[in-house]
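Read through the structure below, which is laid out as structure tokens, and then see the notes.
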Amino acid sequence: MPDISLDAPALPSESGRRLHAALRALLSPGIWLVLAVQIALVFSMQWRVPADDASVTQVLVTLLAATLLMLFYYLQAGAFHALSRGRNTLPVGELIRSGKSVFAAFVWLTLKAGLLLVVAINIFIYVAVLVTGADLKTLIGTLAPFFGPAVGILALVFVYWLPWVFLRQEFHLFPSLKSALRIARARLSHAAFPALLLLAPIIVAGLLPDRSPILIDLLVSVVSGVMGWIAYIYCVEVLQDQPPNTGSAAPV
């Protein structure tokens, strides 16, 4: 499918930027491909193999999940990179081509960010155990319901992180995180739109019963994914309208 022109005005209004981001996400075949692979990955990881058929089938399921995970990372990197290069919709061909140059850097950045998050969580739990005196199992059970909202708030705080990374090609962890926090603080008065996109799906998912029908879970996953991409596009276009930061920081 050819790229669909959605060129925005040189200086779009805030409402115009929001509408443009939503249309760009909804009309991009590449984004729908990423969402399809993401949903397939989620369901493959939830696939339970019967105990009496856990040999070859288990290996195949594991290989399928690993393949989908790598494909998802590749397509996600390609989408992030391609969407930061212009203002039009994302065709599938451009999505696949764009992943080649940034895939390795994106995976390495993700691994570093994941390690930093794990260290921060472990420090928080250790301090909480010392302060409260509760045992680890009880504390984790108490904190578990707050995990989803905490992830949503963290995503909102660093909502400009990946847009900054791919727009400026800044794949060093700490400089990019610092820049993302600076931008989020400067645009605090405009945080309602990203907050709605990132937090609303988490709130809705938290209101669903534990064993909701698979179609409901699928719908929530699709809507959540689309809203996440709208937030990314919105933030990318905000940064595209700003002059690049001429300051330098030590790479990490």
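The values are calculated or read from the model by the stated rules, or taken from the named source; none is laboratory data. Note that this is a predicted model, so its numbers are computed, not measured. Virtual Cβ from ideal backbone geometry, glycine too; neighbours counted across all protein chains shown. Please note that ligands, DNA and RNA were not included when accessible areas were found on the heavy atoms of the full protein model with its side chains. Shrake-Rupley method; radii C 1.70, N 1.55, O 1.52, S 1.80 Å.
For the stretch 90-189, which helices (runs of 4 or more DSSP H) that fit wholly inside it have 3 or more residues that are more than 29 Å from residue 239 (Cα to Cα)?
Where helices (runs of 4 or more DSSP H) fall fully within the stretch 90-189 and carry at least 3 residues being more than 29 Å from residue 239 (Cα to Cα), they are 92-132, 136-143.
Tell me, please, whether a residue that is at pLDDT 90 or above and over 16 Å from the mean Cα position of the chain (by Cα) can be found in the stretch 148-169.
So far as the stretch 148-169 goes, yes, one or more of its residues are at pLDDT 90 or above and over 16 Å from the mean Cα position of the chain (by Cα).
Considering each residue of the stretch 104-150, count those that are open to solvent by less than 90 Å² (accessible area, probe 1.4 Å) and under 29 Å from residue 77 (Cβ atoms), and give that number.
Result for the stretch 104-150: 18.
Going through 162, 239 one at a time, which residue ends up being within 22 Å of residue 39 (Cα to Cα), buried (at least 17 other Cβ atoms within 10 Å of the Cβ) and either of a type in the set (Lys, Arg) or in contact with a Phe, Trp or Tyr (Cβ under 7 Å, 6 or more places away or on another chain) (or both)?
Answer to the selection: 162.
Is it the case, given these coordinates, that residue 193 is surrounded by 13 or more Cβ atoms within 10 Å (Cβ to Cβ), part of a helix (DSSP H, G or I), in contact with a Lys or Arg (Cβ under 8 Å, 6 or more places away or on another chain) and among the hydrophobic types (A, V, I, L, M, F, W, C)?
yes
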